[in-house]
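What follows is a set of notes on a single structure, which appears directly below.
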Amino acid sequence: MAILLRRGNPLPGFVPATSLTLIYLSLLVLIPLAAVVLRAAGLSGAEFWRVITSPEAMASYRLTFGAAFTAAALNAVFGFIVAWVLVRYSFPLRRVLDALIDLPFALPTAVAGIALAALYGSNGWFGKSLAMLGIQVAYTPVGVFIALIFVGLPFVVRTVQPVIQELETEQEEAAGSLGGTRWQVFRRVILPALWPAVVTGFTLALARGIGEYGSVIFIAGNVPGVSQITPFVIFTRLEEFDYPAASAIAVTLLAISLLLLLTINGLQQWRARREGRG
Amino acid sequence: MMADITANAGRVVPASGNTRVAHRAAADEPIWVRRSLIGLVFVFLGVFLVVPLAIVLSSALSQGWALYARAVTDPDTWSAIVLTLWVVAITVPLNTLFGIAAAWAIARFDFRGRSVLTSLIDLPFSVSPVVVGLAYVLVFGRGGWLGPWLGAHDIQIIFAMPGMVLVTMFVTVPFVARELIPVLAERGQEEEEGALSLGASGWQTFFRVTLPAVKWGLLYGVVLTTARALGEYGAVAVVSGRVPGENETLTLRVDMLYENYQATAAFAVASLLAVIALITLVLKTYLGDRKDNACPLSAGAPDS
């Protein structure tokens, strides 16, 4: 425990609190995850590569990351608008809508899953009308996209909302009184201030979307090569008791999502530094 | 990540309230922009939140109250309710204790590895539930690390309740810590130091000063943990034996009924979970308000 060198604080409880935290996290989180990594490492290099690049796995990565990325992007745009409207405008039902934003956090994913499947199925309220327009949602990648919009909806709203609340309106007013149009003020003053929060919300929605299972599988229908998300592929390997393959794909999923998160965090820091100088 | 934002948020808070009115005249969007944005928000949230919720309730009752009542009072549903409550009853207190300890360590002390520890607490959020289930199968399953030993001692973890509790704990581990860290950090520790210097013991300080000050944040975290523990599906699906009446939680019961073409019954059981979700939202809003209004450094008077 040499890493835990505390810097002077008169309060008691440092050693018990940190020890409990470390032991609990190790037993509950780190050791089980290590088991996945080690099981995957048990495969030879060639075998590992064959498993994680099988056509089924590759199709699932494309679908999972593609759908999670586009859903998070859409949520970034709409989440921004929702947050803005909820903070800045007053209108009837505002409090109700505000509370409702967290529904995807509160509603069990399996419940959301069957609700979306029923809604967008060929006989569903939305499915029927969309089918007349020639758009099929259930059992296609579009279904995965829809489910991930639902799941990721709260993240951008909830990260951007507090930042808008604290935004100093003096700056907007000053820019406005200097003759800037509202659109210019938005682009030059408001957007730069809110951008980091939007990116954070986007990243959280993306991470959640990549791992999501319950709300996706019912509407996706899991058609091989078409609408199978990566977690579903892992689930299938598990049910076949092919633990090494399940672990290899799981490690790949973890690695790609961690890489994505690090990249986005890195980009954001780079941007912040550059703007700090400029 | 979220914790960072909230922590930063804390510092600038005092500016918000009084500037609200002033901006309206000078810096508002034209009325037609405002109206269309509000309309857009109603449509977006209506399509993606309200309608899915409505379809759960309307499908549950689509074949009348009699069928609804039968689905909900079915013995297998009843045993799913009992099992789910057991999972919650074990998960929530343990993770609450963990959350308090972790928040105390991170918000009150500066030590090397602190930011690593903070990211570690958040790690379960970026692990797919299915991968969580897989991890526990690899440790406790028949071919897993502890499999032979558990087999020899006739202890079953995977495909039984202990496994379901463990994966639920994994999935819900960050919530309490994440809510408490910013609240604790924002309050500072002057009051605690004061209590200690007046001769209070560490535990007395904790129970009389710290806990009353952060109780709304703590409750908020507990509500989030409970909601997620009640509703976890993917991780539990991997480690459950899926035997109706024996080791099915409510979400697995919903899944089972739906896959067996008993959609109305599935939605009936789902409606129970949807109602709990709505109650969660109400509690969240209420506790969120209390948490925000609990003015930082208000001389610590533990209200109520």
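Exactly one condition in (1) surrounded by fewer than 21 Cβ atoms within 10 Å (Cβ to Cβ); (2) within 28 Å of the chain's Cα centre (by Cα) is false for B:Gly39; which is it?
Of everything listed in (1) surrounded by fewer than 21 Cβ atoms within 10 Å (Cβ to Cβ); (2) within 28 Å of the chain's Cα centre (by Cα), B:Gly39 misses just condition (2).
Considering only helices (runs of 4 or more DSSP H) fully contained in segment A:186-245, which possess at least 3 residues that are without any contact (Cβ under 8 Å) to a residue 40 or more places away in the chain and surrounded by 17 or more Cβ atoms within 10 Å (Cβ to Cβ)?
Values: elements: A:191-211, A:214-220, A:230-239.
By residue number, A:230-239.
Look at B:Gly99 and say whether it is small (Gly, Ala, Ser) and either free of Cβ contacts under 8 Å to residues at least 60 places away in the same chain or surrounded by fewer than 15 Cβ atoms within 10 Å (Cβ to Cβ) (or both). Spell out the reasoning first.
Numbers: small (Gly, Ala, Ser): yes; either free of Cβ contacts under 8 Å to residues at least 60 places away in the same chain or surrounded by fewer than 15 Cβ atoms within 10 Å (Cβ to Cβ) (or both): no.
It is false that B:Gly99 is small (Gly, Ala, Ser) and either free of Cβ contacts under 8 Å to residues at least 60 places away in the same chain or surrounded by fewer than 15 Cβ atoms within 10 Å (Cβ to Cβ) (or both).
Filter segment B:101-116 for residues that are within 8 Å of another protein chain (Cβ to nearest Cβ) and either at pLDDT below 90 or over 19 Å from B:Val214 (Cβ atoms) (or both) and give the result.
If the condition is that a residue be within 8 Å of another protein chain (Cβ to nearest Cβ) and either at pLDDT below 90 or over 19 Å from B:Val214 (Cβ atoms) (or both), then B:Asp110, B:Phe111, B:Arg112, B:Gly113 are the ones that fit.
For a quick check of your reading: which helices (runs of 4 or more DSSP H) sit entirely within segment B:193-269 and have at least 2 residues that are surrounded by fewer than 21 Cβ atoms within 10 Å (Cβ to Cβ)? Step through it out loud before you land on a result.
Details: elements: B:202-205, B:211-231, B:234-239, B:250-259.
Per the criteria, B:202-205, B:211-231, B:250-259.
So A:Val96 clears everything in (1) β-branched (Val, Ile, Thr); (2) within 11 Å of chain B (Cβ to nearest Cβ); (3) more than 20 Å from A:Val156 (Cα to Cα) except one condition, right? Which one?
It fails just one condition, (3).
So B:Asn18 ticks every box in (1) closer than 30 Å to B:Pro174 by Cα; (2) modelled with pLDDT under 85 but one. Which box is left unticked?
The one condition B:Asn18 does not meet is (1).
Please specify each residue of segment A:128-159 satisfying the condition of being more than 22 Å from the chain's Cα centre (by Cα), in a helix (DSSP H, G or I) and aliphatic (A, V, I, L, M).
Pass one, segment A:128-159, residues more than 22 Å from the chain's Cα centre (by Cα): A:128-136.
Remaining after also requiring in a helix (DSSP H, G or I): A:128-132.
Result: A:Leu130, A:Ala131, A:Met132.
Can you spot a residue in segment A:163-178 that is over 18 Å from B:Leu49 (Cβ atoms), modelled with pLDDT of 95 or more and part of a helix (DSSP H, G or I)?
The first filter runs over segment A:163-178 and keeps only residues over 18 Å from B:Leu49 (Cβ atoms), leaving A:163-178.
Within this subset, residues satisfying the condition of being modelled with pLDDT of 95 or more are none.
Looking for residues that are over 18 Å from B:Leu49 (Cβ atoms), modelled with pLDDT of 95 or more and part of a helix (DSSP H, G or I), one finds none in segment A:163-178, hence no.
Name the one entry in A:Pro10, A:Pro55 that is of a type outside the set (Val, Ile, Thr) and either closer than 30 Å to A:Pro196 by Cβ or within 8 Å of chain B (Cβ to nearest Cβ) (or both). Explain how you work it out, then say what you get.
Numbers: A:Pro55 fails: either closer than 30 Å to A:Pro196 by Cβ or within 8 Å of chain B (Cβ to nearest Cβ) (or both).
Step by step, each of A:Pro10, A:Pro55 is checked, and only A:Pro10 is of a type outside the set (Val, Ile, Thr) and either closer than 30 Å to A:Pro196 by Cβ or within 8 Å of chain B (Cβ to nearest Cβ) (or both).
Only one residue in B:Trp145, B:Trp86 is out of contact with any His (no Cβ under 9 Å at 6 or more places or on another chain), of a type outside the set (Gly, Ala, Ser) and within 7 Å of chain A (Cβ to nearest Cβ), so which one is that? First the steps, then the outcome.
Working: B:Trp86 fails: within 7 Å of chain A (Cβ to nearest Cβ).
Just a single option satisfies the conditions, and that option is B:Trp145.
Run down A:Leu253, A:Leu206, A:Leu260 and say which single residue is farther than 26 Å from A:Ile114 by Cβ and either within 11 Å of chain B (Cβ to nearest Cβ) or not charged (D, E, K, R) (or both). Don't jump to the end; show me each part of the working.
Working: A:Leu253 fails: farther than 26 Å from A:Ile114 by Cβ; A:Leu206 fails: farther than 26 Å from A:Ile114 by Cβ.
It is A:Leu260.
Quick one: is B:Gly144 part of a loop (DSSP other than H, G, I, E, B), closer than 21 Å to A:Leu33 by Cβ, of a type in the set (Gly, Ala, Ser) and out of contact with any Ser or Thr (no Cβ under 8 Å at 6 or more places or on another chain)? Don't jump to the end; show me each part of the working.
Numbers: part of a loop (DSSP other than H, G, I, E, B): yes; closer than 21 Å to A:Leu33 by Cβ: yes; of a type in the set (Gly, Ala, Ser): yes; out of contact with any Ser or Thr (no Cβ under 8 Å at 6 or more places or on another chain): yes.
The answer is yes for B:Gly144.
How do the helices (runs of 4 or more DSSP H) wholly within segment A:7-63 filter down when requiring 2 or more residues that are within 15 Å of A:Ser247 (Cα to Cα) and out of contact with any strand residue (DSSP E or B) (no Cβ under 6 Å at 6 or more places or on another chain): which remain?
A:31-41, A:45-52
If I filter segment A:100-110 for residues that are within 30 Å of A:Val226 (Cα to Cα), within 11 Å of chain B (Cβ to nearest Cβ) and not in a helix (DSSP H, G or I), do I get at least one hit? Walk me through how you get there before you give the answer.
Keep residues of segment A:100-110 that are within 30 Å of A:Val226 (Cα to Cα), which gives A:103-110.
Cutting the leftovers down to within 11 Å of chain B (Cβ to nearest Cβ) gives us A:103-110.
Cutting the leftovers down to not in a helix (DSSP H, G or I) gives us A:107-108.
Within segment A:100-110, one or more residues are within 30 Å of A:Val226 (Cα to Cα), within 11 Å of chain B (Cβ to nearest Cβ) and not in a helix (DSSP H, G or I).
Yes/no matrix, rows are residues, columns are (1) under 20 Å from B:Glu232 (Cα atoms); (2) within 23 Å of the chain's Cα centre (by Cα); (3) within 11 Å of chain A (Cβ to nearest Cβ):
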residue: B:Asp154; (1), (2), (3): no, no, no
residue: B:Thr172; (1), (2), (3): yes, yes, yes
residue: B:Gly202; (1), (2), (3): no, no, yes
residue: B:Phe206; (1), (2), (3): no, no, yes
residue: B:Tyr220; (1), (2), (3): yes, yes, no
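Could you count how many residues in segment A:125-161 are without any contact (Cβ under 8 Å) to a residue 12 or more places away in the chain and facing chain B (nearest Cβ under 10 Å)?
Residues that pass the stated criteria total 2.
The values are calculated or read from the model by the stated rules, or taken from the named source; none is laboratory data. Note that the structure is predicted; figures quoted are calculated from it, not measured. No Cβ is skipped: glycine too gets one built from the backbone with ideal geometry, and neighbour counts run over all protein chains shown.
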